[in-house]
1. Go over the candidates LEU138, LEU105 one by one and state the one that is open to solvent by less than 40 Å² (accessible area, probe 1.4 Å) and of a type in the set (A, V, I, L, M).
2. Given the conditions (1) modelled with pLDDT of 85 or more; (2) in contact with a Gly (Cβ under 7 Å, 6 or more places away or on another chain); (3) open to solvent by less than 10 Å² (accessible area, probe 1.4 Å), report the number of the one that PRO65 does not fulfil.
3. Tell me the helices (runs of 4 or more DSSP H) entirely within region 1-72 that contain at least 1 residues that are of a type in the set (Val, Ile, Thr) and over 30 Å from ILE210 (Cα atoms).
4. Picking from VAL74, VAL59, which residue would you name as being crowded, with 19+ Cβ neighbours inside 10 Å, touching a residue at least 24 places away in the same chain (Cβ under 8 Å) and within 20 Å of LEU140 (Cα to Cα)?
5. Taking region 82-126 on its own, how many of its residues are more than 23 Å from the chain's Cα centre (by Cα) and under 19 Å from GLN204 (Cβ atoms)?
6. Can you go through PHE170, PHE155, PHE146 and tell me which one is at pLDDT below 90, open to solvent by less than 40 Å² (accessible area, probe 1.4 Å) and either under 21 Å from ILE229 (Cα atoms) or not in a loop (DSSP other than H, G, I, E, B) (or both)?
7. Quick one: is TYR96 hydroxyl-bearing (Ser, Thr, Tyr) and over 15 Å from LYS17 (Cβ atoms)?
8. Kindly indicate the residue of region 184-228 that is open to solvent by 80 Å² or more (accessible area, probe 1.4 Å), in a helix (DSSP H, G or I) and modelled with pLDDT of 90 or more and also nearest to GLY150 (Cα to Cα) among those meeting that condition.
Amino acid sequence: MSLLTALSRECAAETLKLLRAPEFLIPTLAFPVLFYSIFGVMMGRGGSQAAYLLATFGVFAVMGPAMFGFGVGVAMEKDRGWLDLKRVAPMPVWVYLISKLFGALIFSAFTLAILYAVGGWLGGVELPRPIWGQLVLLHLMVTLPFALLGLTIGFLVKGNGAVAITNLIFLGLALLGGLWMPTAMFPGWFQTIGSYTPSYHAGQSALALIGMGDGAGGHLSVLGIYTAIFAILALLACGLQKR
């Protein structure tokens, strides 16, 4: 079997597995759209608030599939012995990881499509077509650092604990990063802590694209640093698993 065939089959199996898991589908697909509909459309009554929250909730929407798909998914498969089985199979480890990332991207893209539709049709968000394209690319790109963070959790924590820990980190990053509401609404010390989180820089990058931020370059650079850090942590956690 060629590597391309193995990769395509692994990606298809991963996508099918996620489709059959309601505990994954409901929080990662429904919650971002539901929360945005309430806070960005119904309470915000459209306009600038709907556009602002569309940018930040887009980050929130891709964090879920990335962190839960890797964090909880890898931890569960590790506990069930699937990782040991895959190690002895004649398949490179990168095929397994790419299939996980593919599944996260598929569900992120689907959630973003619904989110954008709600923002555009019900929230009255109007952006130039090139900006829509840049926004979706940025949101999908943000999947990578949070997938690596989830992978670290998945390697280090057992399956039952991974659900609680991933939820805690996921919701904490969303709140501290100002993805649900602007950090300016919080006390100064809270804003300071939040400014060091990857979710904050992801949200600010998205806001800069729609003309509501202070420039995406610096925030994207910080995201790149976080991506490198999370990659190193994931490699270290993987090394501990092999011992």
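1. Numbers: LEU105 fails: open to solvent by less than 40 Å² (accessible area, probe 1.4 Å).
One residue alone meets the criteria, LEU138.
2. (2)
3. Helices (runs of 4 or more DSSP H) meeting the threshold: 3-19.
4. On the way: VAL74 fails: within 20 Å of LEU140 (Cα to Cα).
Criteria check complete, one pass: VAL59.
5. Residues in region 82-126 being more than 23 Å from the chain's Cα centre (by Cα) and under 19 Å from GLN204 (Cβ atoms): 0 in total.
6. Every option except PHE155 fails the conditions.
7. no
8. Here the residue is ILE225.
The values are calculated or read from the model by the stated rules, or taken from the named source; none is laboratory data. If you're wondering where the values come from, they're calculated on a predicted model, not measured in any experiment. With ideal geometry, Cβ positions are generated from the backbone for all residues, glycine too; neighbour counts draw on all protein chains shown. Areas reflect the complete protein model, heavy atoms only, side chains present, ligands, DNA and RNA absent. Shrake-Rupley method; radii C 1.70, N 1.55, O 1.52, S 1.80 Å.
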